[in-house]
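Visitor: Right, I'll just put the structure down here and ask away after.
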Amino acid sequence: MSANSLRPSPIVSTVDFDRDGVQHGFLRLPYSRDDSAWGSVMIPICVIRNGSGPTALLTGGNHGDEYEGPLALYELARTLDPRSVTGTVIIVPAMNYPAFRAGTRTSPIDKGNMNRAFPGRPDGTVTEKIADYFQRALLPRADLVLDFHSGGRTLDFLPFCAAHILPDKKQEQAAFAAVEAFSAPFSVKMLEIDAVGMYDTAAEEMGKVFVTTELGGGGTSRAETVRIARVGVLNVLRHAGIVSGAVEKTRTRWLDMPSGDCFSFAEEDGMIETMVDLGEPVAQGDVVARIHAIGRTGIAPQEIRAKMSGILVARHFPGLVKAGDCTSVVALEA
Ligand code: ZN
C-alpha cells in the first residue's frame, strides 16, 4: 500500500479547503463507463470556513441506505452560518455516493463497502478511490471526525452515539466527551470486533477524535432519529469550539459493548420473531428471537439466546433471515 502513497488521487475537488466562506461543490472522480465515456462520479461536498481554528469532518452515507446522517448534513450545509464558525467544517453528506444514489449499503459499481475499504487505493475500484481520498486528503486536515450510521435496510438500532475503546486513553477520553456532548438518548463505548478496513480505524490511527452513531434503521428514518442527528451534530461542533453557542445537553444513558458476546447470529434460514423490543432489558440466557422454519410445518423454531445481560440495542429488521445474519445485539448498562 505504501507504493500507492506516491500516486496522486484521481479525485479533483472543486472546493478550496483554505478559502473563507461557504462553498458548495464536488469531489469529482473520473469513472468511464458505457453510458458516459469520459464521465465522473460527482460526490457533493460543502466547506464552511471562518479563519483559522480546528477542522471538523462530517460524513453521512458511508453506507448508502442509512438516512439520518444525510438528512442532518444536507441541511447543515444549507443552513450553517459561517459567522458562527471558528475554523473549518467539511461536510460530505453522502460519502459512498454511488451506494447512496442506489439506496444500497454497498456500491452498485463495485460492491464496495466503504467501511471495509480503508486505507483504499488511488488505482483501485471506485470505492477504494474514495477511501484513499479520505485517507490522504481529508482525514489529515481534520481534528474531529463525525461519521453518521444507522442500521440500513437489515438492522434497526436504539438511537445512540458511540466511540471506541482505544489504547490511547487521552484520545479515548476526548472521543467519549464528544459523544456525551452529542446527547443522543444512548451513548455507547464500543469494542470493535472487526476493525480492519474501517474509516473509524483510519481516523483513530491518525490520532483524530472520532465519533460515530447508530440512529435507527430499516432503510428509512424517523422524525425522532432525524431530530437527534440534527441536534447532535451541532452539539459536537459547539463542544469542539467550532460553532458558537452552548451544547444543548440532554440526559444520555451510557452503555458498554465489551465483547463479541453482544452479538447473536441466525444459524438457519427462516422467519424471525423478535421476542424482545429495542430498549427492553434482557437477562443472560433469555430467548431474544426465534427463527421459524418456513419450508414445512411441524418444526420447532431455533431459539436465539442472549449471551449476556443488558438491554436490546439492535435487531434484524426484515421479517426473513438467512443463516449468518445478525439477529440481535445486547449492550450492558454502564
Ligand atoms: Zn452504516
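Just so you know, all these numbers are worked out from the coordinates, no wet-lab data involved. This is a predicted model, so every value here is computed, not measured. Backbone-built Cβ (ideal geometry, glycine too); neighbour counts: all protein chains shown.
Visitor: Would you mind checking the tilt of helix 223-239 against the longest principal axis of the Cα atoms of the chain, expressed as 0 to 90 degrees and rounded to 10?
Guide: 50
Visitor: Let me ask something else. Just rank His63, His316, His24, fewest to most, by other beta-carbon atoms within 10 angstrom.
Guide: In increasing order of surrounding Cβ atoms, one gets His24, His63, His316.
Visitor: Any idea what the relative contact order of the range 165-318 is, in percent, if you count C-alpha pairs under 8 Å spaced at least 6 apart?
Guide: That works out to 22 percent.
Visitor: Next question. What relative contact order, as a whole-number percentage, does the range 261-333 give when Cα pairs under 8 Å and 6 or more residues apart are counted?
Guide: Relative contact order, the range 261-333: 42 percent.
Visitor: Quick check on the chain: helices-only [θ] at 222 nm, where DSSP H runs of length 4 and up contribute -39,500 (n - 2.57) each and the sum goes over total residues. Nearest 500, please.
Guide: -5500 deg cm²/dmol
Visitor: Stokes-Einstein at 37 °C, 0.692 mPa s, Kirkwood radius from Cα pairs: D for the range 261-333 in µm² s⁻¹?
Guide: Stokes-Einstein gives a translational diffusion coefficient of 273 µm²/s.
Visitor: Sticking with the crude label model, points 7 Å out along Cα→Cβ, report the distance from Arg141 to Arg28 in nm, one decimal please.
Guide: According to this spin-label approximation, the distance is 1.7 nm.
Visitor: Relative contact order, percent, of the chain when contacts are C-alpha pairs under 8 Å separated by at least 6 residues?
Guide: Once normalised by length, the contact order is 15 percent.
Visitor: On a C-alpha basis, how far is the centre of the range 47-90 from the centre of the range 171-220 in Å? Whole number, if you could?
Guide: 17
Visitor: Could you give me the ³J(HN,Hα) list for the range 204-219, computed from phi with Karplus coefficients 6.51, -1.76, 1.60 and θ = phi - 60°, whole Hz, x at Gly and Pro?
Guide: 5, 5, 8, x, 6, 7, 10, 10, 10, 9, 9, 10, x, x, x, x
Visitor: Dividing the convex hull volume of the alpha carbon atoms of the chain by its residue count, what do you get in Å³ per residue?
Guide: Given the Cα convex hull of the chain, per-residue volume reads 140 Å³.
Visitor: Calculated FRET efficiency, Ile193 and Arg19, Cβ-Cβ r, R0 41 Å, to nearest 0.05?
Guide: Approximately 0.50, to the nearest 0.05.
Visitor: If the reach is capped at under 28 angstrom between alpha carbons, list the lysines near Lys322, excluding any in the same chain fewer than eight residues apart.
Guide: Within the straight-line limit of under 28 Å, Lys322 reaches these lysines: Lys111, Lys307.
Visitor: Moving to a separate point now. Under 28 Å from the Cα of Lys249, which lysines turn up, not counting those fewer than eight places away in the same chain?
Guide: Straight-distance partners of Lys249: Lys169, Lys170, Lys189, Lys208.
Visitor: In addition: Nearest 10 degrees is fine. How inclined is helix 68-79 to the longest principal axis of the chain, computing both from alpha carbons?
Guide: Here the helix axis deviates by roughly 30 degrees.
Visitor: Compute the angle between helix 169-182 and the longest alpha-carbon principal axis of the chain, please, reported from 0 to 90 degrees and rounded to the nearest 10.
Guide: That helix lies at roughly 80 degrees to the long axis.
Visitor: Whole-Å semi-axes of the range 1-83's equivalent ellipsoid, largest first, each the root of 5 times a Cα gyration tensor eigenvalue?
Guide: Values for the range 1-83, descending: 25, 19, 14 Å.
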